[in-house]
Amino acid sequence: MRLTSDFWVSALVKRIFSDGGFAAVRRRGAGGAGAVFIIRRTRLGELELYAPAPQTSYDEAKPSDRQFQLVLATTDEDEVETRLGREMRFDPDVWVVEIETAADLSGYLELISP
């Protein structure tokens, strides 16, 4: 059984804060099953946008785990907002969480290569 998006995002935000980072929910989506997008802002002003991984990348042994892939790395905020705008037009139930942490994201997210 998969955790609801609401519960998963809440746990992520708490973990980031407990490790000394910052996290904010920029957009609340559907509580049950909304897709979650993560914006990571580095201390150098770079932005990384992580999107849910395609269904074909999920491991049969762990089908309910949330997996993410890096879809955009830039210093241009408008580029990130444009990409998110396209995603929201396609699926208005998405969540957007912005985080700032010096820690490796693999401690918080299951990342896959594109």
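The values are calculated or read from the model by the stated rules, or taken from the named source; none is laboratory data. In this text, all values refer to a predicted model and were calculated from it rather than measured experimentally. A quick note on method: Cβ atoms are made from the backbone with ideal geometry, for glycine too, and the neighbour counts reach across all protein chains shown. For the accessible areas, the whole protein counts, side chains as well, though only heavy atoms, and no ligand, DNA or RNA atoms are used. Shrake-Rupley method; radii C 1.70, N 1.55, O 1.52, S 1.80 Å.
Being among the β-branched types (V, I, T) and not in a strand (DSSP E or B) is the filter; apply it to the range 64-99 and report the residue that is most open to solvent (accessible area, probe 1.4 Å). Among residues in the range 64-99 that are among the β-branched types (V, I, T) and not in a strand (DSSP E or B), the one most open to solvent (accessible area, probe 1.4 Å) is T75.
Is one or more of the residues making up the range 63-76 modelled with pLDDT of 90 or more, of a type in the set (V, I, T) and touching an Asp or Glu at 6+ places or on another chain (Cβ under 6 Å)? Checking the range 63-76: at least one residue is modelled with pLDDT of 90 or more, of a type in the set (V, I, T) and touching an Asp or Glu at 6+ places or on another chain (Cβ under 6 Å). The residues in the range 27-43 that are under 11 Å from the mean Cα position of the chain (by Cα) and not in a loop (DSSP other than H, G, I, E, B) can be counted, and the count is 5.
Tally up the residues in the range 71-86 that are within 19 Å of A24 (Cα to Cα) and touching a residue at least 40 places away in the same chain (Cβ under 8 Å), please. Result for the range 71-86: 2. Here the range 78-105 is the region considered, the condition is being within 13 Å of R40 (Cβ to Cβ) and of a type outside the set (V, I, T), and the residue that is nearest to the chain's Cα centre (by Cα) is E98. If you filter the range 21-44 down to residues that are open to solvent by 40 Å² or more (accessible area, probe 1.4 Å) and free of Cβ contacts under 8 Å to residues at least 40 places away in the same chain, you find that the one that is farthest from D78 (Cα to Cα) is G32.
Within the range 1-12, the only residue that satisfies the criterion of being open to solvent by less than 30 Å² (accessible area, probe 1.4 Å) and either of a type in the set (V, I, T) or in a strand (DSSP E or B) (or both) is V9.
Of everything listed in (1) at pLDDT below 90; (2) over 21 Å from F17 (Cα atoms); (3) in a loop (DSSP other than H, G, I, E, B), the single unmet condition for A102 is (2).
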